[in-house]
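Note sheet for the following structure.
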2 protein chains.
Amino acid sequence: MKVLIIEDDPLHRSYLNEAVRAALPECDGVLEAENGNAGEKLARDCKSAHVVMDLQMSPRNGIEAARTIWKERPETRILFWSNYSDEAYVRGVSRIVPVGAVYGYVLKSASDDRLKLALRSIFIESQCVIDREVRGMQQKSLGNMNGFTEAEYEILIDIALGLTDRAIAQRRNLSVRSVQNRLQQLYVKLGVYQPPGGQGDDGGFNLRARAVAVALLRKLLNHSALERAEADLAVWLARQTSP
Amino acid sequence: MKVLIIEDDPLHRSYLNEAVRAALPECDGVLEAENGNAGEKLARDCKSAHVVMDLQMSPRNGIEAARTIWKERPETRILFWSNYSDEAYVRGVSRIVPVGAVYGYVLKSASDDRLKLALRSIFIESQCVIDREVRGMQQKSLGNMNGFTEAEYEILIDIALGLTDRAIAQRRNLSVRSVQNRLQQLYVKLGVYQPPGGQGDDGGFNLRARAVAVALLRKLLNHSALERAEADLAVWLARQTSP
DNA sequence: ATCTTTTCTGCGGGATCCCGCAAGGTCTCG
DNA sequence: CGAGACCTTGCGGGATCCCGCAGAAAAGAT
């Protein structure tokens, strides 16, 4: 059994290496990569390695790397080890995990023991391990009370990219009016809605732009989510202009 | 001479501690804090310490902490030690450094020796040290060719916060039309402008929202810059409603 | 199958945005 | 002092956005 470490920070990388050797004495090899690209390549070469990786690397962040690794070998076990539990990350991960896959998500702020325990649980006992804080995020995100539908999230991304209503309608196969409906819905859920009853133009907000702002502040969106979305948009645009 | 370390990651903190002791054997004390708040307090208590800190902590990031520290003792020497050279960070730092202050900005990806050299240069020889990459950023940012005026940056922030033209006009003491002029200017510089000659609604972009998107993608804006802006906006709003 | 609930869709209108045009301002430079 | 460059402001209009209203279609529920 081999373990592949994908992590850009040298300090964290060597710490991880040590932790893996300590927690998994039965493993016979630890590989290291310092970004998503190198990680994918290593994963391809050395078949059947378990992976522990950071999200937020450059070039090619953890989510992208995980997606291609899982696409090639869905049974790979991956432990995500990240600084943050942004909703954007949690959602991004749970969007790409294959059915029945074994994986984990622990925060870097977790204790030494927690990390080692997670390593054993996932790689030896085939058991998923999700940090409490992340789990909390996940439930808030999926249990739709105060959480966002896929449709809402989708349109949030579209306006964050700067698309017009018409463009969104085209892209998602909807009428313009439906797009606007979803927008209204989104505004309500983000608490950016100003019922005309509430006098005083106190706010003076452009709802569309404001929605993006609060989504960013609440970490519903972050840089890498935007990058991913921008890339998707680019391929869609290409498909449009030359079908 | 004492040195204060403000850094949230334990690994990096202890690494820094070691580096400081190695590079500055003449210092007689190393203090540690794990966020901006604790850092400010320590800086207040123990007068006359040199500081080395991370940006991007929570609660209270490095820029905010540095601002209050410098407000209380402008002669404090601060070395910023960060993962990124986002324009938003560089601009944020150079906005708050007092005239004549000695400071430094080195990336975490720099070598061991570079860090130690920077420590000695700043704290012993009173010489500013800015990482090449950061310096490049700075020049691109200030040498206004392909860089942004203060006015442009300001309005970029305002639309990113979701303000309407009218609200911006009020806030910045301009007419609505002038705000729109600045917006056009911004659109051009961000490359988001669609000359009516270039037919085809190919883009289908909402310029205002698109501008924010590309600013984020280019890291002209980031989460902490937005947070800061949001806080500023809040105090301004309060001042408006109850003068 | 019928009724309810939800979603999609068109219509219409008020508010906002984007921007060309032109009439002032300020500032510099020759 | 006048010429030129730049910023500001008002006006006007076309495009877009935001949204209430109401009918049609789809999805569940009884």
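Points to keep in mind about this one:
- Measuring nothing but how far apart in sequence close Cα pairs (under 8 Å, 6+ apart) lie, relative to its length, the range B:62-141 scores a relative contact order of 34 percent.
- When the C-alpha to C-alpha distance is required to be over 26 Å, the pairs from A:LYS41/B:LYS140; A:LYS2/A:LYS41; B:LYS189/B:LYS219 that qualify are A:LYS41/B:LYS140.
- Taken along the Cα-to-beta-carbon direction at a fixed 7 Å, the label points for A:TYR193 and A:ARG44 span 4.8 nm.
- Cα gyration tensor shape for the range A:2-142, rounded if a/c is under 1.5, else prolate or oblate: rounded
- Each label point was placed 7 Å from the Cα along the Cα-to-Cβ direction; for A:MET1 and B:ALA110 their separation is 4.2 nm.
- Of all accessible heavy-atom area on the range B:150-241, the percent that carbon and sulfur account for (1.4 Å): 50 percent
- Take every pair of alpha-carbon atoms less than 8 Å apart whose residues are at least six positions apart; their mean separation over the length of the range A:2-142 yields a relative contact order of 22 percent.
- Interface between chains A and B: roughly 2700 Å² of accessible area buried, both sides summed (probe 1.4 Å, protein heavy atoms only).
- Where chain A is rotated onto chain B, the residue of A whose Cβ comes nearest the axis, and that gap in whole Å, is A:LEU11, 2.
- Inter-part distance where the range A:151-190 and the range B:1-38 are each reduced to a Cα centre, Å: 48 Å
- Placing dummy labels 7 Å off each Cα toward the beta-carbon, the span from A:LYS71 to A:ARG135 is 3.2 nm.
- Other protein chain C-beta atoms within 10 Å of residue C-beta, averaged over A:166-174: 2.
- Exercise: per-residue mean of other protein chain Cβ atoms within 10 Å, A:152-162: 3
- Per residue, chain A reaches -17000 deg cm²/dmol at 222 nm when only DSSP H runs of four or more residues are counted, each adding -39500 (n - 2.57).
- Rounded to the nearest 10 Å², the accessible area of A:GLU227 at probe 1.4 Å: 90 Å²
- Pairs of Cα atoms nearer than 8 Å and 6+ residues apart set the relative contact order; for the range A:150-241 it is 31 percent.
- Here B:ARG114 yields copy-to-copy label distances, from shortest upward, of 3.2 nm, the label point defined as 7 Å from Cα along Cα to C-beta.
- Full extension of the segment from A:GLU34 to A:VAL99, taken as 0.36 nm per residue of separation minus the current Cα-Cα distance, would add 20.6 nm.
- Averaged over A:210-223, number of beta-carbon atoms from partner chains that fall within 10 Å: 4
The values are calculated or read from the model by the stated rules, or taken from the named source; none is laboratory data. Nothing here was measured: the structure is a model prediction, and the numbers come from that model. Cβ atoms come from the backbone with ideal geometry, glycine included; neighbour counts cover every protein chain shown. Only protein heavy atoms, including side chains, enter the accessible area calculation; ligands, DNA and RNA are left aside. Shrake-Rupley method; radii C 1.70, N 1.55, O 1.52, S 1.80 Å.
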